[in-house]
Amino acid sequence: MTRFSRPALVAALCVSALSAHAGHELLDRDVENGQALYADHCASCHGANLEGQENWRFPGPDGVLPAPPHDETGHTWHHDNVLLFDYTRLGGQGALAQRGITDFRSGMPAFEGTLTDEEIWEVLAYIRSTWPDRVQEMQAMRNPPH
């Protein structure tokens with residue numbers, strides 16, 4: 001199986017941001033419900049404090065990267081809202097395949113059928129709410145205006 005290098009993957013994900021649909025999907029969401037949903041569905045891998053798994057930048061023996069942090073130290077805020085939504089809804093494999101990346105192994109499961117679209121947006125809004133203002137502003141700039 002061919003593997004994308006980290007720089008190639010990052011470049012491909014950045015290019016996919018150009019096709020994102022909107023920039024305000026995370027506003028006016030139920031952040032408290034998002035926090036509860038995160039605790040129930042995400043914290044077991046991404047950490048109760050959004051800290052991610054140890055050595056998250058390096059693939060494990062199975063070739064899969066550990067779960068990254070969702071706090072400001074990770075790369076979640078480097079991506080546009082639509083990619084974050086798709087990655088959560090479709091899982092890593094599905095979201096990357098949708099963007100033409102078919103030979104990158106992701107450990108992120110799909111939450112389609114487990115969480116509604118609204119619940120996914122609420123989880124993402126909760127994650128965003130934990131970032132400092134400057135990081136929220138930088139992430140917002142990755143989303144095309146309506």
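For residue 126, which of the numbered conditions (1) in contact (Cβ under 8 Å) with a residue 60 or more places away in the chain; (2) open to solvent by 20 Å² or more (accessible area, probe 1.4 Å); (3) over 17 Å from residue 31 (Cβ atoms) fails to hold?
(3)
Exactly one of (1) closer than 21 Å to residue 116 by Cβ; (2) more than 11 Å from the chain's Cα centre (by Cα); (3) at pLDDT 95 or above is unmet by residue 72. Its number?
Only one criterion is unmet by residue 72, namely (1).
Being open to solvent by less than 60 Å² (accessible area, probe 1.4 Å) and not acidic (Asp, Glu) narrows it down to one residue among 114, 76, 102; which is it?
76
Just to verify a result, which residue in segment 33-46, among those that are in contact (Cβ under 8 Å) with a residue 12 or more places away in the chain and surrounded by fewer than 16 Cβ atoms within 10 Å (Cβ to Cβ), is farthest from residue 130 (Cα to Cα)?
For segment 33-46, the residue satisfying everything is 45.
Given (1) open to solvent by less than 40 Å² (accessible area, probe 1.4 Å); (2) β-branched (Val, Ile, Thr); (3) modelled with pLDDT of 95 or more, where does residue 82 come up short, assuming only one miss?
(3)
Taking residue 132 and the conditions (1) open to solvent by 60 Å² or more (accessible area, probe 1.4 Å); (2) farther than 19 Å from residue 24 by Cβ, which numbered condition does it fall short on, given that it satisfies the others?
Unmet condition: (1).
The values are calculated or read from the model by the stated rules, or taken from the named source; none is laboratory data. Treat the numbers as computed from the prediction; the structure is a model and nothing was measured. Neighbour counts run over all protein chains shown; Cβ positions are idealised from the backbone, glycine included. Protein only, heavy atoms only, side chains kept; ligands, DNA and RNA dropped before computing areas. Shrake-Rupley method; radii C 1.70, N 1.55, O 1.52, S 1.80 Å.
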